[in-house]
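Scroll down for the structure; my scribbles are underneath it.
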Amino acid sequence: MKAAWYERQGPPREVLVVGEMPDPIPAAGEVRIRVAASGINPGDVKKRQDAFGIGMAYPRVIPHSDGAGHVDQMGPGVNSEWVGRRVWCWGAQSYRPFGTAAEFTVLPLDHIAPLPEKVSMEQGACLGIPGITAHRAVNIGGSVSGRTVMVQGAAGAVGLCAVALARHAGARVIGTVRSVSDQSTALKAGAHDVVVSDNMLIEHVRALAPEGIDHVVEVAFGANIDADVELLKQGGSIASYATDTAAPKIPFWQMVFKNIGLFFLGSDDFPTEAKTQATRDLNAALEAGWSGFEVSELVPLAQIARAHELVEEPVQPGRIVVVL
């Protein structure tokens, strides 16, 4: 098969190689997907950069955890009904060396979900880690039906999924964005109101939700924790999947007096049942009319280094997808 890989970490044009590798064979409980589209997440780029300082877990890595395509082969114990089905997948390169930047990828059956017929392969390739993270971030504190949810970074990949899922679950959704130009993205995803993150954020959100926020989905924990705590109701909660600083300070006593619940989310290790429910709810939101992601560019596998550069230094809003 044709595949992209790296055997050392560094800049994309220095370490990414495109060439031929043996076709993978699924083991028991696994399926093989003929990949049509491979999504790139920030974590995929950070692994290649060694941004986390943990080095190479495997001597050769095919990058990207998310993708979409057709099941073309099954391992022992997998029902034959999966053959030929359109699917999207996640975690292909989580605790595994070979991801979706290849003609074929092999992964466990519980790492795939049916792709609705009206949803493109490119959209399916974007769903995995952002969608599952967003679902966990929205729901980990309990049902949000009838509650007010604030999504920080509502125009980002996880943020817009969180907006769509919270709206689909019956919440009133307030999104925050970096600039006025991002407001339309959050509104399109389903936010009832969108506020630009500036030094008037607290005042603007209070005007929209004078009784306070029930739950916050947080992308920049260190930068936003003070505002989040200030805006939350008694007994409110925060679910954070990212931070702008690795060792943030927190307003401990204010959080204690408000009885605030705090959840930290690492998508690789969510419970299997939570991931499965996320796939159902994401598909349901898409089938109910959520338009999904804006894809800014489709890049052929042969130009994967350029695709990684576009993720590192975006030139326009939207997701970058590698196509095969």
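For the pair region 27-56 and region 133-194, the centres of their Cα atoms are 26 angstrom apart. With everything on Cα atoms, drop me the angle between helix 221-231 and the longest principal axis of the chain, reported from 0 to 90° to the nearest 10. Helix 221-231 sits at roughly 40 degrees to that axis.
Anything over 31 Å Cα to Cα? Flag those among LYS188/LYS275; LYS47/LYS249; LYS47/LYS258; LYS47/LYS233; LYS188/LYS258, in the order listed. Distance filter (> 31 Å) returns LYS47/LYS258; LYS47/LYS233; LYS188/LYS258. Site pair SER145 and THR276 shows an inter-label distance of 2.1 nm when each label is modelled 7 Å from Cα along Cα→Cβ. Projecting the Cα positions of ALA162, PRO314, PHE221 onto the charge dipole of the chain (unit charges on Cβ atoms of Lys, Arg, Asp and Glu, taken about the Cα centre) puts ALA162 furthest along the positive direction. Taken about its Cα centre, region 58-151 carries a charge dipole of about 280 debye when Lys and Arg each add +1 at the Cβ and Asp and Glu each add -1 at the Cβ. Here the relative contact order of the chain, from alpha carbon pairs under 8 Å that lie six or more residues apart, stands at 17 percent.
Label separation (MET200 vs VAL17): 5.6 nm, computed from points 7 Å beyond Cα along the C-beta direction. Taken over the Cα atoms of the chain, the convex hull encloses 127 Å³ per residue. If you line up the long axis of helix 272-287 against the longest principal axis of the chain, both from Cα atoms, how many degrees apart are they, to the nearest 10? Value to nearest ten degrees: 80.
Residues MET121, MET255, ranked from the fewest to the most other C-beta atoms within 10 Å, line up as MET255, MET121.
Based on the Kirkwood radius over alpha-carbon pairs, what value in µm²/s does the Stokes-Einstein equation return for the translational diffusion coefficient of region 141-264 at 20 °C and 1.002 mPa s?
Diffusion coefficient, whole number: 152 µm²/s.
In region 141-264, Cα pairs under 8 Å separated by at least six residues give a relative contact order of 22 percent. Each Lys or Arg adds one and each Asp or Glu subtracts one; over the other residues with Cβ under 11 Å from the Cβ of ILE54, this totals +1.
Give the angle, between 0 and 90 degrees and rounded to the nearest 10, that separates the Cα long axis of helix 121-139 from the longest principal axis of the Cα atoms of the chain. The two axes meet at around 40 degrees. Here the label points at GLN303 and LYS46, each 7 Å from Cα along the C-beta direction, are separated by 2.8 nm in the simple model.
Could you calculate the contour length gain from GLN316 to ARG8, that is, 0.36 nm times the residue separation minus the distance between their Cα atoms, to one decimal place in nm? Mind showing how you got there, number by number?
Working: separation 308, 0.36 × 308 = 110.88 nm, distance 2.89 nm.
My answer for the length gained is 108.0 nm.
Assuming charge only on the beta carbon of Lys and Arg (+1) and of Asp and Glu (-1), the dipole of region 175-300 about its Cα centre is about 200 debye to the nearest 20. Which of these, THR148, THR279, THR243, has the largest mean-square fluctuation under a Gaussian network model of the chain (Cα springs below 10 Å)? Between THR148, THR279, THR243, it is THR243 that shows the largest mean-square fluctuation. Exposure proxy for TRP253, TRP88, TRP5: other Cβ atoms within 10 Å of each Cβ, ordered fewest to most, give TRP253, TRP5, TRP88.
Laboratory data are not the source of any read-out in this text; all were calculated from the coordinates shown. Not measured: the values here are computed from a predicted model. Glycine also receives a Cβ, built like all others from the backbone with ideal geometry; neighbour counts cover every protein chain displayed.
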